[in-house]
Amino acid sequence: MELNGAQNNGINGNFMYGNSVHHVSVRTQVSVNPAKLKSLRQRWNVRPSEMSKKTLNPIRAIVDGMKLTPNPEKPMIALSIGDPTVFGNMPTDDTVLQAVKEAIDSHKYNGYAPSVGYQKSREAVANFYSCPEAPLEDKDVILTSGCSQAIELAINVLCNPGDNILVPRPGFSLYKTLAVSMGIQVKHYNLLPEKSWEIDLQHLESLIDDKTACLIVNNPSNPCGSVFSREHQHKILSVASRNCIPILADEIYGDMVFPGCDFYLMLAHPQVGIEMEHFPDFQNDVEFTERLVTEQSVFCLPATAFEYPNFFRIVVTVPEEMMIEACIRIREFCARHYRPRSQDSHELDQ
Ligand SMILES: Cc1ncc(COP(=O)(O)O)c(C=O)c1O
């Protein structure tokens, strides 16, 4: 049997049809336009995607541009990243270490896991968080690689380009980074420092429109270190349910709040305000924190990175004696640069 075709490649072979073997010879007659042999691209030009061009990490953008030259006479104290494992003052519990070791030694988990997580793990999480008012089952749980991936997934599921999301100001910068890269508009609702950083509910509600796809609530808060009361959480729920807006609840620090003590103990990220009119040596929080490094070797994040200029954020995850030393140095720095208004007394001397 012979087949001829302008589009076929040359193929020779045998194939079975019923009980007999047939020989096949396919001759190729490809008519090639010589112009097409020339590739469309003459040289390499790999361009960044539109999404990557819209992706900005404000913390990196600000910190990378800062001149951070510590005072060689003073050892550096970084109050910029809240990682208690650096100094070993929040060691991983032995039960956790043991469980991880056993899992590795068992060789049962070396292959591909289901993309939503192992059934038993999902069940364990569901049991832990389930309560009579909001019962959870394993199918309600998806395990992700860190909270960042969970947030990204949730935004992807809830929002389309052109929609908007409501995020706190000051707030964790990842929400905006992800949303903007996906063509989603970000609207900031205010947190109120004079009310322990509760949400300004009126402001929040005024931002909602028919393009609002979700409300992100971060409680306990990074960068504020605040924990909402039950009553305030009910009020937030009322706003969301009245307007039929789903809540994306980032409660990553939820299990760090202990009755009687507080979240502030370990992973708090308190925000400190700078009364800029008393510090004429500096234009803004970025310059203030930059000079704090130069003179005192203490590094705090300027809160411009959290859309909240003229504040800075400290973390209290370093050991106590280091924290005390940092506070002494910050005080010394402030005393040196503070200028009272003419009618004021020097408040820091009191
Ligand atoms: C409020 C908040 N949400 C999410 C994340 C991201 O968590 P992960 O490191 O697990 O991705 C962080 C980390 O700093 C955070 O502070």
- [ ] Quickly run through the stretch 274-321 and pick out the residues that are β-branched (Val, Ile, Thr) and farther than 21 Å from residue 226 by Cα.
- [x] 286, 289, 293, 294, 298
TODO: Determine whether residue 123 is acidic (Asp, Glu) and surrounded by 10 or more Cβ atoms within 10 Å (Cβ to Cβ).
DONE: yes
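In the stretch 287-316, what count of residues is obtained for those that are outside any helix (DSSP H, G or I) and either crowded, with 22+ Cβ neighbours inside 10 Å or of a type in the set (Phe, Trp, Tyr) (or both)? Spell out how you get there, then give the answer.
Our first condition is that a residue be outside any helix (DSSP H, G or I); within the stretch 287-316, this holds for 297-302, 307-316.
After this cut, where a residue has to be either crowded, with 22+ Cβ neighbours inside 10 Å or of a type in the set (Phe, Trp, Tyr) (or both) as well, the list is 298-302, 308, 311-315.
Qualifying residue count for the region: 11.
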Open item on the list: Here are the criteria: (1) within 16 Å of the ligand (Cβ to nearest atom); (2) modelled with pLDDT of 95 or more. Tell me which single one residue 184 does not satisfy.
Closed with: (1)
Task: Members of the stretch 114-140 that are more than 16 Å from the ligand (Cβ to nearest atom), part of a loop (DSSP other than H, G, I, E, B) and more than 23 Å from residue 221 (Cα to Cα) - done: 114, 115, 116, 118, 132, 133, 135, 136, 137
- [ ] Kindly check whether there is at least one residue in the stretch 197-206 that is closer than 30 Å to residue 116 by Cα, without any contact (Cβ under 8 Å) to a residue 24 or more places away in the chain, away from the ligand (no atom under 15 Å from the Cβ) and out of contact with any Cys (no Cβ under 9 Å at 6 or more places or on another chain).
- [x] no
Task: Hits in the stretch 90-107 - residues which are more than 30 Å from residue 316 (Cβ to Cβ) and surrounded by 10 or more Cβ atoms within 10 Å (Cβ to Cβ) - done: 101, 102, 103, 104
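Considering 196, 145, 115, 221, which residue is surrounded by fewer than 14 Cβ atoms within 10 Å (Cβ to Cβ) and closer than 28 Å to residue 316 by Cβ? Spell out how you get there, then give the answer.
Values: 196 fails: surrounded by fewer than 14 Cβ atoms within 10 Å (Cβ to Cβ); 115 fails: closer than 28 Å to residue 316 by Cβ; 221 fails: surrounded by fewer than 14 Cβ atoms within 10 Å (Cβ to Cβ).
The unique qualifying residue is 145.
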Task: Criterion: under 17 Å from the mean Cα position of the chain (by Cα), in contact (Cβ under 8 Å) with a residue 40 or more places away in the chain and at negative phi - qualifying residue of 150, 154, 213, 179 - done: 154
Open item on the list: Anything in the stretch 81-109 that is of a type in the set (Val, Ile, Thr), part of a loop (DSSP other than H, G, I, E, B) and either more than 16 Å from the ligand (Cβ to nearest atom) or within 21 Å of residue 321 (Cα to Cα) (or both)? List them, or say none.
Closed with: 81, 85, 86
Task: Top-ranked residue of the stretch 209-228 - restricted to ones that are assigned to a strand (DSSP E or B) and closer than 15 Å to residue 174 by Cβ, ranked as farthest from the ligand (Cβ to nearest atom) - done: 214
Open item on the list: Can you list residue pairs whose Cβ atoms sit under 8 Å apart, with the first residue in the stretch 72-89 being over 16 Å from residue 223 (Cα atoms) and the second being of a type in the set (D, E, K, R) and more than 16 Å from the ligand (Cβ to nearest atom)? Count only pairs 6 or more apart in sequence or on different chains.
Closed with: 74/329; 77/325; 77/329
Task: Single unsatisfied condition, residue 282 versus (1) under 18 Å from residue 77 (Cβ atoms); (2) of a type in the set (Phe, Trp, Tyr); (3) assigned to a loop (DSSP other than H, G, I, E, B) - done: (1)
TODO: Please state which of the following conditions residue 254 fails to meet, knowing it meets all the rest: (1) at pLDDT 95 or above; (2) within 16 Å of the ligand (Cβ to nearest atom); (3) surrounded by fewer than 15 Cβ atoms within 10 Å (Cβ to Cβ).
DONE: (1)
Open item on the list: Could you tell me how many of the residues in the stretch 151-178 are more than 8 Å from the ligand (Cβ to nearest atom) and in a helix (DSSP H, G or I)?
Closed with: 11
TODO: From (1) hydroxyl-bearing (Ser, Thr, Tyr); (2) over 20 Å from the mean Cα position of the chain (by Cα); (3) surrounded by 14 or more Cβ atoms within 10 Å (Cβ to Cβ), pick out the condition that doesn't hold for residue 69.
DONE: (3)
Task: Condition broken by residue 231, with the remaining ones in (1) assigned to a helix (DSSP H, G or I); (2) under 15 Å from residue 189 (Cα atoms); (3) of a type in the set (D, E, K, R) satisfied - done: (2)
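The values are calculated or read from the model by the stated rules, or taken from the named source; none is laboratory data. Since we're looking at a predicted model, the values are computed, not measured. Cβ atoms come from the backbone with ideal geometry, glycine included; neighbour counts cover every protein chain shown.
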